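The values are calculated or read from the model by the stated rules, or taken from the named source; none is laboratory data. Small disclaimer: the values here were computed from a predicted structure and weren't measured. Ideal geometry is used to build each Cβ from the backbone, glycine not excepted, and the neighbour counts take in all protein chains shown. Surface areas here come from the heavy atoms of the whole protein model, side chains and all, with no ligands, DNA or RNA. Shrake-Rupley method; radii C 1.70, N 1.55, O 1.52, S 1.80 Å.
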Amino acid sequence: MSRRQIHLVAAEPLNTLLGQKALDNTSFTVCELRDQLLEQPVLAAFDQKTLRLFVRDQINKRVKRGEVERVGLHPCFKQRDLFLVANAFNSGNDRSGLESAQASSDAEPLTAKLRRDSEQLREQMEDSHLQLQALQEIVEKYPDARDKISPVFEEEKAQARALGEKLKAYAKVQQKLAEEGDDA
């Protein structure tokens, strides 16, 4: 399954796990989160490596945003980074990713929320464009596989287009708020 598909299915369970880690104030590794996600039936279709890479990418993004902190190395596995959910991050256990982001930042102005969500959409678009480039390279390298790759390429292209339209909608709302001088 594609990276986009795993994001759609695994984002909410990951947010739930991180919310629990925040409540318990417990540290974790990427592999521990992956193993906990693999226990969920909805993620049974994904292999360990794909899920680990998804979790790793999401944790790295959250480290950059300050939602998760790298606190050292796991004592038993010297090569595994140990993470801790930062106090500023609060993921509700029963909320979706977008709702939990909104709940964790009730005091945050709407423009800041929109800016953050737009940045997440841009990251998803970049991932989608990288996927399209990779598919194009495969077609160029293996022209005989064009018929098999075309449906995947078209699906990814449609997803990239949909993300672009969402991003345009966010930009329109941001522009409207800026024109009105509203920072609600």
In region 135-154, anything surrounded by 11 or more Cβ atoms within 10 Å (Cβ to Cβ), free of Cβ contacts under 8 Å to residues at least 12 places away in the same chain and under 21 Å from Leu8 (Cβ atoms) is listed as Glu154
Listed by range, helices (runs of 4 or more DSSP H) wholly within region 1-83 having at least 3 residues that are surrounded by fewer than 19 Cβ atoms within 10 Å (Cβ to Cβ) and modelled with pLDDT under 85 are 3-24
Subset of region 155-173, residues closer than 17 Å to Arg116 by Cα and either in contact (Cβ under 8 Å) with a residue 24 or more places away in the chain or among the basic types (Lys, Arg) (or both), comes to Leu163, Gly164, Lys166, Leu167, Lys168, Tyr170, Ala171, Lys172, Val173
- Query: If you go through region 112-123 one residue at a time, do you hit one that is of a type in the set (A, V, I, L, M), open to solvent by 40 Å² or more (accessible area, probe 1.4 Å) and under 26 Å from the mean Cα position of the chain (by Cα)?
  - Reply: no
Selection from region 27-51 of residues free of Cβ contacts under 8 Å to residues at least 40 places away in the same chain and not acidic (Asp, Glu) yields Leu33, Arg34, Gln36, Leu37, Leu38, Gln40, Pro41, Val42, Leu43, Ala44, Gln48, Lys49
Going through region 174-184 in order, the residues found to be touching a residue at least 40 places away in the same chain (Cβ under 8 Å) and open to solvent by 70 Å² or more (accessible area, probe 1.4 Å) are Ala178, Asp183, Ala184
Any hit, region 164-171, residues being closer than 30 Å to Pro109 by Cβ, open to solvent by less than 100 Å² (accessible area, probe 1.4 Å) and not in a helix (DSSP H, G or I):
no
